[in-house]
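Right, one structure below, let's go through it.
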Amino acid sequence: DKEIILMAIETSCDETSVAIVKNGREVLSNQIYSQIDIHQQFGGVVPEVASRNHLEKIPHIIEAALEESKVSYEDLDGIAVTYGPGLVGALLVGLSTAKAIAYGLHIPLIGVHHIDGHIAANYIEDPHLEPPFVCLVASGGHSHLVYVKDYGEYEVLGRTRDDAAGEAFDKIARALKLGYPGGPLIDQKAKEGNSHAIEFPRSYLEGDSYDFSFSGLKSSVLNYLNSCKMKGKEIVVEDVAASFQQAVVEVLANKTIKAALEKKVDKVCLAGGVAANSALRRAMKDLAGKNGLELGYPSPILCTDNAAMIGAAGYYQYRQGNLKDLYLNAVPNLPL
Ligand code: KG4
Ligand code: ZN
């Protein structure tokens, strides 16, 4: 088989990332410029600011990726790009750039769904991983429980009905005045706290549902903080962080394992920013082990937004001949 070298671009939120990926699994470069420092002062991502920064940075990130990978434009077999879901202005920067390169070099354009990318990060991490498996995708924008039947072929078993898991982490971190993004900060604080200190609710919804809901938990934590303040009771941030995290992790892990058993797969995977959470990884290891399931998760840098994962997902579409033309538009709410 001929070697396939793809350039991949990801600009759906606040990371400007360009990667060079060989045969879908070998990352020759994965350049990531994070705008976190810029958005931190606002306590969250400001869409217009994100677009402007993508535009400023992307030419330099492309150069850096080509230089690190020692790949030149002539070596590229195609260009993969995230075209949704995400912030429309941010997506358009990556998409327009990808179209220009595809047009200029006469190479195929591959449109990638952002979540398809998150799932495919697992193929990079484990070169032997093959579908079928069940994957929990938990990030700042999404909480999806997905049955991966084949490459790029999905059945969404459940999704969040309100906040995404990462969004809940970010909101509680803000209430605890820990900063942004909140996930990693809560993860850190929780290590010094007692996860049984406060009984927060676990929302499983109707008996057999694989959907998630985190808004009740969020309200319960906020109510707890308010009542402490009113009663003049001391707030132990570490205990609140650990107890909240435990409530999120238990539901995510239990539903993922239940789905894997129902679908009769022998592997489960994690994906998305929240997959970097140390308590979630621990809970999943424990439960997967007890149920005889194999567990995979990407290293933290491949969990949060990056272009290498888009190159991995794009490779399988390229092989299936699933290409796009230059009329491809950004789709902010693209369904999986
Ligand atoms: O996948 P990602 O980079 O962007 C989206 O597509 O949304 O995910 C970012 C989210 C943020 O909400 C962040 O707080 C969360 O992932 N996150 C974590 C951890 N690291 C990142 N949540 C919990 N624990 C972590 N260690
Ligand atoms: Zn993401």
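Taken together, the values in this text are just the output of simple stated rules run on the coordinates, not laboratory data. Because the structure is a prediction, the values reported are computed rather than measured. All Cβ positions, even for glycine, are placed from backbone atoms using ideal geometry, and neighbour counts span all protein chains on display.
For the chain, what proportion of DSSP beta bridges, expressed in % and rounded to the nearest 5, is antiparallel?
Antiparallel: roughly 60 percent of the beta bridges in the chain.
Tell me, what ³J(HN,Hα) does each residue in the stretch 250-264 have, in order and in whole Hz, if you take phi through Karplus 6.51 cos²θ - 1.76 cosθ + 1.60 with θ = phi - 60° and put x for Gly and Pro?
Coupling constants for the stretch 250-264: 4, 5, 4, 5, 4, 5, 5, 5, 4, 5, 5, 5, 5, 7, 6 Hz.
Out of the DSSP beta bridges found with both residues in the stretch 129-287, what percent are antiparallel (nearest 5)?
Within the stretch 129-287, antiparallel bridges account for around 70 percent of the total.
Run the dipole for the stretch 131-298 about the Cα centre, Lys and Arg Cβ at +1, Asp and Glu Cβ at -1, nothing else charged, and hand back the magnitude in debye, nearest 20.
It works out to roughly 340 debye.
Want the number for Asp77 to Asn333: 0.36 nm per residue separation, take away the alpha-carbon distance, what's left?
The span from Asp77 to Asn333 would gain 89.3 nm if fully extended.
Apply the Kirkwood formula to the stretch 223-290: the hydrodynamic radius equals the inverse of the mean of 1/r over all pairs of different alpha-carbon atoms; give it in Å with one decimal.
Computed over the stretch 223-290, the radius equals 13.9 Å.
Between exposed GluC sites (Glu not before Pro) in the chain, where DSSP calls loop and at most 16 other Cβ atoms lie within 10 Å, what's the longest gap?
4-191
Rounded to whole Å and sorted largest first, what semi-axes of the equivalent ellipsoid does the C-alpha gyration tensor of the stretch 240-336 yield via the square root of 5 times each eigenvalue?
30, 18, 13
Is there a quick way to get the dipole size of the chain? I mean about its Cα centre, with the Cβ of Lys and Arg at +1 and of Asp and Glu at -1; what is the value in debye to the nearest 20?
900
Rounded to the nearest 500 deg cm²/dmol, what is the calculated helix-only ellipticity per residue at 222 nm for the chain, with -39500 (n - 2.57) per DSSP H run of length n ≥ 4?
-14500 deg cm²/dmol
Across the Cα atoms of the chain, what radius of gyration and what greatest pairwise Cα-Cα distance (Dmax) are found, in Å?
20.1, 70
Please give me, ordered by residue number, the chymotrypsin sites (Phe, Trp or Tyr not before Pro) of the stretch 1-96 that lie in loop per DSSP and have at most 15 other Cβ atoms within 10 Å.
Phe42
Take the chain, mark every one of the trypsin sites (Lys or Arg not before Pro) that falls in a DSSP loop and has at most 11 other Cβ within 10 Å, then report the longest stretch left between them, sites excluded.
It runs 71-176.
Say we join alpha carbon atoms closer than 10 Å with springs in a Gaussian network model of the chain; which of Asp325, Asp37, Asp75 then has the biggest fluctuation?
Largest GNM mean-square fluctuation: Asp37.
For an R0 of 25 angstrom, estimate the FRET efficiency from the Cβ-Cβ distance between Ile301 and Glu67 and round to the nearest 0.05.
Taking R0 as 25 Å, the efficiency between Ile301 and Glu67 is 0.85.
May I ask you to sort Val81, Val46, Val248 by Cβ crowding, counting other Cβ atoms within 10 Å and putting the fewest first?
Neighbour counts put them in this order, fewest first: Val46, Val248, Val81.
Taking only the alpha carbons of the stretch 168-306, what extent do you get along each of the three principal axes, in Å, biggest first?
51, 35, 23
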